[in-house]
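The values are calculated or read from the model by the stated rules, or taken from the named source; none is laboratory data. No experiment lies behind these values; they were computed from the predicted model shown. Glycine also receives a Cβ, built like all others from the backbone with ideal geometry; neighbour counts cover every protein chain displayed.
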């Protein structure tokens, strides 16, 4: 194991503001603010309860480096969740700022953890020294970060440590393609967040559900739609999407993550990405998607245009009828769950629907009788 194994007093440890689990907005924040965020979003309470029940596993060393400004302190490069749990158990002031502090106060005193408790650690001289160890553990190993956290760490290695994509991949025990894709996808999000029509809410959803970008950019049709490069064609420091495709990038973000509260997304899960790609690559489907912002309607328009092109108007209309039937079946289920007073308000609309269905049926029956 790289570095020197030792034990360090808990009160000498400092949470790392550059931890990929922490949002960039927390850079420069206090230790209490960093701990509060990790406690609320990274299962620190679960770890704390495990420590109380089973003790602290001394074989799980945290990874630290000397503080850049105060060499009597150490920055926690690996193990920030565990240190947050220990801090919450050891200090009533720290856990008072946590979400659900009552549970922390209930287990803190019985834990036996004090600010002066010694924590097993591996000391490395710099972040660069720890990069292969941390990268492998969270990118390839058994304790993987989420896709967004992985991409942020790749960006750190490439832009701050000066590694090439190939060198970062080697350090992390992964392939250049996977690491390159992670870097490109994060750069696409960075580029998109400054575009008109891409809301702060959409960017926040993208960070929380970054796997949708990953799946979308694995699809050649969607990459082509915004002009995004393959992993092998990435140029560090250059925006991945050409400026002339900015509008397409903005609309793709809207389709996947929504534009705002009044303009919802059309993709709700990763398996919708394939259908989105089919629609976007088809002129009729793409036009319908832009107009109606509904994936099912866009697919229907796409199939209808293709059927009409091949001279089978009956097949095209049949698809529309089948799609309408499915919509009405869903509508019926919703109506059955509504209270009678609410259903009564829809009487006129329901009558219009019956009239329309009867006219369609009558038109078809008339043609049958004439034959």
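Is it the case that residue 304 is farther than 28 Å from residue 164 by Cβ, in the same structural domain as residue 184 (by TED's automatic domain parsing) and part of a helix (DSSP H, G or I)? When the stated conditions are applied, residue 304 does not pass them.
Within segment 159-171, does at least one residue satisfy the condition of being surrounded by fewer than 22 Cβ atoms within 10 Å (Cβ to Cβ), under 18 Å from residue 24 (Cβ atoms), at pLDDT 90 or above and assigned by TED's automatic domain parsing to the domain that holds residue 227? Yes, segment 159-171 contains a residue that is surrounded by fewer than 22 Cβ atoms within 10 Å (Cβ to Cβ), under 18 Å from residue 24 (Cβ atoms), at pLDDT 90 or above and assigned by TED's automatic domain parsing to the domain that holds residue 227.
Scanning segment 335-371 for residues that are under 39 Å from the mean Cα position of the chain (by Cα) and surrounded by fewer than 10 Cβ atoms within 10 Å (Cβ to Cβ), we see that the one that is farthest from residue 297 (Cα to Cα) is 339. Here the condition is being modelled with pLDDT of 85 or more and in contact with a strand residue (DSSP E or B) (Cβ under 8 Å, 6 or more places away or on another chain); of 271, 293, 343, it holds for 293 alone. Annotation: of all residues in segment 200-221 being outside any helix (DSSP H, G or I) and over 8 Å from the mean Cα position of the chain (by Cα), the one that is surrounded by the fewest Cβ atoms within 10 Å (Cβ to Cβ) is 218.
Being at pLDDT 90 or above, in a loop (DSSP other than H, G, I, E, B) and either in contact with a helix residue (DSSP H, G or I) (Cβ under 6 Å, 6 or more places away or on another chain) or not assigned by TED's automatic domain parsing to the domain that holds residue 42 (or both) is a property that residue 142 lacks. The one condition from (1) touching a residue at least 12 places away in the same chain (Cβ under 8 Å); (2) outside any helix (DSSP H, G or I); (3) more than 22 Å from residue 291 (Cα to Cα) that residue 197 does not meet is (3).
Can you confirm whether segment 95-106 contains a residue that is surrounded by fewer than 22 Cβ atoms within 10 Å (Cβ to Cβ) and either outside the structural domain of residue 16 (by TED's automatic domain parsing) or under 16 Å from residue 10 (Cα atoms) (or both)? Scanning segment 95-106, I find no residue that is surrounded by fewer than 22 Cβ atoms within 10 Å (Cβ to Cβ) and either outside the structural domain of residue 16 (by TED's automatic domain parsing) or under 16 Å from residue 10 (Cα atoms) (or both), so the answer is no. A count restricted to segment 235-275 and to residues that are assigned to a loop (DSSP other than H, G, I, E, B) and surrounded by fewer than 18 Cβ atoms within 10 Å (Cβ to Cβ) stands at 11. Would you check if residue 277 is modelled with pLDDT of 85 or more, touching a helix residue (DSSP H, G or I) at 6+ places or on another chain (Cβ under 6 Å) and assigned by TED's automatic domain parsing to the domain that holds residue 213? Yes; evaluated as a whole, the condition is true for this residue. Looking at segment 22-30, can you tell me whether even one residue there is within 22 Å of residue 116 (Cβ to Cβ) and touching a residue at least 12 places away in the same chain (Cβ under 8 Å)? No: zero hits. Among the residues of segment 10-25, the ones that are modelled with pLDDT under 90 and either part of a helix (DSSP H, G or I) or not assigned by TED's automatic domain parsing to the domain that holds residue 85 (or both) come to 2 in all.
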